[in-house]
1. Exactly one of these conditions fails for Leu267: (1) surrounded by fewer than 18 Cβ atoms within 10 Å (Cβ to Cβ); (2) part of a strand (DSSP E or B). Give me its number.
2. Cβ contacts < 9 Å: first residue without any contact (Cβ under 8 Å) to a residue 24 or more places away in the chain and under 14 Å from Ala369 (Cβ atoms), restricted to region 276-288; second residue among the acidic types (Asp, Glu) and part of a loop (DSSP other than H, G, I, E, B), any location; separation 6+ or different chain. Result?
3. Give me the strands (runs of 3 or more DSSP E) completely within region 271-356, filtered to those with at least 1 residues that are farther than 30 Å from Ile70 by Cβ and under 19 Å from the mean Cα position of the chain (by Cα), ordered by residue number.
4. Within region 450-459, how many residues are of a type in the set (A, V, I, L, M) and buried (at least 21 other Cβ atoms within 10 Å of the Cβ)?
5. Taking only pairs six or more apart or across chains, which ones have beta-carbon atoms under 7 Å, a first residue in region 131-155 that is farther than 22 Å from Gln233 by Cβ, and a second residue that is modelled with pLDDT of 90 or more?
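The values are calculated or read from the model by the stated rules, or taken from the named source; none is laboratory data. Treat the numbers as computed from the prediction; the structure is a model and nothing was measured. All Cβ positions, glycine included, derive from the backbone under ideal geometry; neighbour counts span all protein chains shown.
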Amino acid sequence: MSRIFYQRATLRYRSLIAVGFSGLLTSAILSTPLSIMAQSRTVLVPRTQASPVQNSTGASARSKAPDTAILPAGLPLRIELDRRYRMHRGARISGRLIDPVYSGDHIVLPANTVIDGTISSLVAIRGMNRTWALLDGDVTPMKQPVLAFAVLHFPEEQRLPLAADATERTAAVVKMGPAQSGHSLIGAVKHQIDAKVKSVDSIVQSPHKSDLALKFFYGQLPYHPQEIWAGTQFDAILVRPLTLPDPMAQHPLPVTPPQGQIPPGTLDVRLVTTISSAADSVGSPMAAVLTQPYFNATKTAVILPTGTRLIGVVTQAKPARSFSRNGILRFTFRQVELPGGALKNMHGQMTAVEGRSGQNVTVDSEGGAKANSPQGKFLAPVLLGVLASHSFDADQGAAEAGVYSNGFGLVARIIGFVAVTPEVSAGFGFYSLGKSITRRWIMPGQNVVFAKNTRMELAVEDR
């Protein structure tokens with residue numbers, strides 16, 4: 001009896017297990033498509049919601065470039081001061097751009113943009129410049145100002161912060177011209193007289209005549225205040241990149257590098273390496289970059305964009321030598337780096353360059369630069385010799401003694417007026433004559449030096 005009961009219980013338990021397993025299997029099979037559909041909805045819906053909105057042209061709104069331009073660190077800004085400032089550390093100064101700044105194919109910083117800053121430090125001037133100042137009777141501790149520009153007055157009354165350190169740059173543009181003709185003494189003296197007349201005319205027509213007069217007066221004093229004069233130029237080097245509003249950023253002209261030779265024209269460039277007739281030799285490499293875009297003939301496309309790198313080589317270098325023999329420097333640009341990185345041959349010859357103040361450089365028809373003798377090489381010693389010889393006149397008056405007492409600024413003039421003796425006037429007169437002969441005839445001549453960031457014009461020619 002018990003055995004029959006056990007068998008029936010076992011069969012019933014097995015049937016229950018079979019039914020339960022069948023139910024689990026059926027529910028698993030039926031629920032698989034539903035779970036797959038549920039997973040599809042949870043994955044696809046977020047992707048659809050996260051997809052960016054597209055504009056009418058099909059471009060992604062998130063990929064739209066901002067209307068800005070970025071000027072890289074190391075870019076120089078040429079700044080000129082419009083008024084005189086006393087040379088004190090921490091003094092506030094203000095200047096304006098004298099050269100526009102390009103980004104791509106258009107200007108992003110126009111000329112006359114105002115930039116504010118301060119005098120960050122004063123660097124002592126040493127070497128020959130300091131020695132000659134002492135020999136001329138100027139005992140003022142000479143300083144060179146270093147400026148830090150911090151605020152840019154952008155159009156529409158916007159003020160943008162920037163960081164740029166600036167050092168003084170006294171330079172004038174030298175255009176290509178004919179070589180000086182005539183090597184006779186009379187011709188040289190005539191040329192120097194003409195140069196002096198032109199110099200006086202430029203002073204009279206200068207907008208900073210009062211500053212020039214005060215500067216001349218300070219030059220006669222043994223000790224005087226130090227000023228940063230109106231018209232002084234500085235190269236302000238960006239310490240970090242500067243981001244500017246640029247409405248034209250969305251509409252650049254197409255860049256079409258030349259397939260054959262680069263079309264003839266004029267390139268505006270700045271040096272990225274310093275070159276010198278004293279330090280460089282034939283074959284020394286040099287480089288420059290474009291400061292303005294080089295357009296095609298119709299100005300509908302850019303052949304070479306701003307910042308394009310040019311590679312050149314020094315072809316002649318002769319250092320300055322004793323007895324006032326000046327240096328000579330000649331170079332040419334032979335390659336240009338296209339936007340894609342490929343190098344293309346070219347022939348770029350200098351037609352104009354910024355020369356350092358007092359360097360008296362001329363550019364010849366073949367692109368060579370030569371330092372000329374300083375103004376007054378012949379005229380100044382002759383006039384000083386005449387004055388020194390007349391100082392021995394026993395019957396000279398106080399006024400004549402003051403005129404004959406040259407060479408030591410106002411100190412010599414006062415002593416000459418007070419002493420009124422031929423020996424004193426003659427001493428100062430011959431002292432001045434000796435300085436002039438030493439400086440203009442015995443010492444080495446001028447070297448040709450074009451510092452980093454010097455601007456120049458290149459003529460591209462077919463070769």
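1. (1)
2. Once the first residue is without any contact (Cβ under 8 Å) to a residue 24 or more places away in the chain and under 14 Å from Ala369 (Cβ atoms) and sits in region 276-288, no partner that is among the acidic types (Asp, Glu) and part of a loop (DSSP other than H, G, I, E, B) comes close enough.
3. 343-356
4. The first filter runs over region 450-459 and keeps only residues of a type in the set (A, V, I, L, M), leaving 451, 456, 458-459.
Narrowing further to those that are buried (at least 21 other Cβ atoms within 10 Å of the Cβ): 456, 458.
Number satisfying all stated conditions: 2.
5. Final answer for the pair search is Val139/Tyr223; Thr140/Tyr223; Thr140/His224; Thr140/Gln226; Pro141/Ala124.
Each row is one residue, and each column tells you yes or no for (1) at pLDDT 80 or above; (2) within 30 Å of Ile119 (Cβ to Cβ).
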site	(1), (2)
Ile203	no, yes
Ser210	yes, yes
Glu227	yes, yes
Pro241	yes, yes
Leu244	yes, yes
Gln250	yes, no
Gln259	yes, no
